[in-house]
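Student: I have a structure here, written as structure tokens, and I will follow up with some questions on it.
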Amino acid sequence: GDTMLGLPPLNLALAHAMMARTRVHRLLAGYRGLPPLDLAATASTLLAISQLVIDLPEVVELDVNPLYVDKNGATALDVRIRVATAKRAGVARLAISPYPEELEETIALADGQTLLLRPIRPEDEPALHAAFATLTAEEIRMRFFVAMQALPHPLAARFTQIDYDREMALVLTPPGPTVDIWGVVRIHADPDLTRAEFAILVRQEFAHRGLGTLLMQRIIAYAKRRGISELYGLVLRENRKMLQLSRELGFSASIDRDDPSYVSVSLAL
């Protein structure tokens, strides 16, 4: 009776969270002098099964029993798979949209620096906290409109654990295993996917390299492909750099009717 349910697509954070909520997890983590089992390999096995379910709609049932795990890895000793004609193809049959790997792109800057542009992932939360810690108080106020000493975990989780069907966040990071977020742009669409609010942040230390323009161009192109008809956002009236970028990209601007310290910008797609 020690069970835990999860919906595909899984990611590393969700896989580890599923395992942590089982009663047997405290034994897997090591006890009474026994070494911990290879939980990373166990999580990778869950990810592989999740990806199999996504890629092969013909698989309607799968049972790995037992999965042998020790400190050196995981091995499936017995597997049973039942297949049938797929009733629905593609990701439309999934309750949660999977990570859109097709949006990953290698970017070459004018100075020869290479960056990776990709959708944000739940496991990016530590990197998002680290990026936030580099921001000045003025940068935080320009982006979030309030003063914050640190990015609260619930807010960081909401920024990284997104529904790719109604939201999208693209991050720029140097390639490699260590994630260092240079900039991020995001949109959040209305339920009918007709309008979407955008927000963008580029760390000041990487400014004046065209990253803001690049991020906005990519998110605009993505919104067009999704059939969204309008992007809109709220900008502090004193944020001249963002207002100038908006004008260069074709956004119209008007003083916000509720608060004249803000400017409402919008772009018809």
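The values are calculated or read from the model by the stated rules, or taken from the named source; none is laboratory data. In this text, all values refer to a predicted model and were calculated from it rather than measured experimentally. Because the Cβ atoms are built from the backbone with ideal geometry, glycine has one as well, and the counts that use them run over all protein chains shown. Areas reflect the complete protein model, heavy atoms only, side chains present, ligands, DNA and RNA absent. Shrake-Rupley method; radii C 1.70, N 1.55, O 1.52, S 1.80 Å.
Student: Please work out the Cα center distance from segment 156-222 to segment 17-60, rounded to the nearest Å.
Tutor: Cα centres, segment 156-222 to segment 17-60: 30 Å.
Student: Moving to a separate point now. Which shape class, rounded, prolate or oblate, goes with segment 33-98 when its Cα gyration tensor gives a ≥ b ≥ c as root eigenvalues, a/c under 1.5 marks rounded, and past that a/b bigger than b/c marks prolate?
Tutor: It comes out oblate by the Cα gyration axes.
Student: Which trypsin sites (Lys or Arg not before Pro) in segment 54-100 pass both tests, a DSSP loop state and at most 16 other beta-carbon atoms within 10 Å?
Tutor: Answer by residue number: 71, 87, 88.
Student: Starting from 0.36 nm per residue, how many nanometres of slack lie between residue 257 and residue 63 once their C-alpha separation is accounted for?
Tutor: 64.0 nm
Student: Taking the Cβ of residue 250 as the center, what net charge do the other residues with Cβ under 13 Å away carry, scoring Lys and Arg +1 and Asp and Glu -1?
Tutor: Combined, the nearby Lys, Arg, Asp and Glu give 0.
Student: Any chance you could run the full-extension gain for residue 123 through residue 163? It's 0.36 nm times the residue separation minus the Cα-Cα distance, nm to one decimal.
Tutor: Extra length available between residue 123 and residue 163 comes to 13.0 nm.
Student: Among 244-250, 143-149, what's the highest-first ranking by average C-beta atoms within 10 angstrom per residue?
Tutor: Peptide ranking by packing, descending: 244-250, 143-149.
Student: Tell me whether segment 1-49 comes out rounded, prolate or oblate; compute the Cα gyration tensor, take square roots of the eigenvalues as a ≥ b ≥ c, and use a/c under 1.5 as the rounded threshold.
Tutor: Taking the square roots of the gyration eigenvalues as a ≥ b ≥ c, segment 1-49 is oblate.
Student: Then there's this: Which value in deg cm²/dmol, rounded to the nearest 500, describes the helix-derived mean residue ellipticity at 222 nm for the chain, given -39,500 (n - 2.57) per DSSP H run of n ≥ 4 and division by the residue count?
Tutor: -8500 deg cm²/dmol
Student: Follow-up. Report Rg(Cα)/(2.2 N^0.38 Å) for segment 159-269, keeping two decimals.
Tutor: 1.08
Student: Given N residues in segment 92-221, what is its alpha carbon radius of gyration divided by 2.2 N^0.38 Å?
Tutor: Taking N as the residue count of segment 92-221, the ratio is 1.05.
Student: Right, something else. On average, how much accessible surface per residue is there in segment 119-209, in Å², for a 1.4 Å probe, leaving out ligands, DNA and RNA?
Tutor: Solvent-accessible surface per residue comes out at 49 Å².
Student: Which percent of the accessible area of the chain is formed by carbon and sulfur heavy atoms (probe 1.4 angstrom)?
Tutor: Carbon with sulfur: 55 percent of the solvent-accessible area.
Student: Looking at 91, 148, 129, which one has the Cα that reaches farthest to the positive end of the dipole of the chain (charges on Cβ: Lys, Arg +1; Asp, Glu -1)?
Tutor: 148
Student: Farthest toward the dipole's positive end in the chain, which of 108, 255, 187, given Cβ charges of +1 (Lys, Arg) and -1 (Asp, Glu) about the Cα centre?
Tutor: 255
Student: Using every alpha carbon pair in the chain, what percent of pairs falls into each 10 Å bin from 0 up to the bin containing the largest distance?
Tutor: 6, 24, 29, 21, 13, 6, 1
Student: Take the alpha-carbon positions of segment 203-243, form their convex hull, and give its projected area averaged over all directions (one quarter of the hull surface) in nm².
Tutor: 3.5
Student: Classify segment 28-143: rounded, prolate or oblate, from the alpha-carbon gyration tensor (a ≥ b ≥ c, eigenvalue square roots; a/c under 1.5 rounded; otherwise prolate if a/b is larger than b/c)?
Tutor: Because a/c hits 1.5 or more and a/b fails to exceed b/c, segment 28-143 counts as oblate.
Student: Moving to a separate point now. Near residue 241, which lysines are there with a Cα under 23 Å away, not counting those fewer than 8 places off in the same chain?
Tutor: none
Student: Where nothing but the Cβ of Lys and Arg (+1) and of Asp and Glu (-1) is charged, how large is the charge dipole of segment 1-148 around its Cα centre, in debye to the nearest 20?
Tutor: 660
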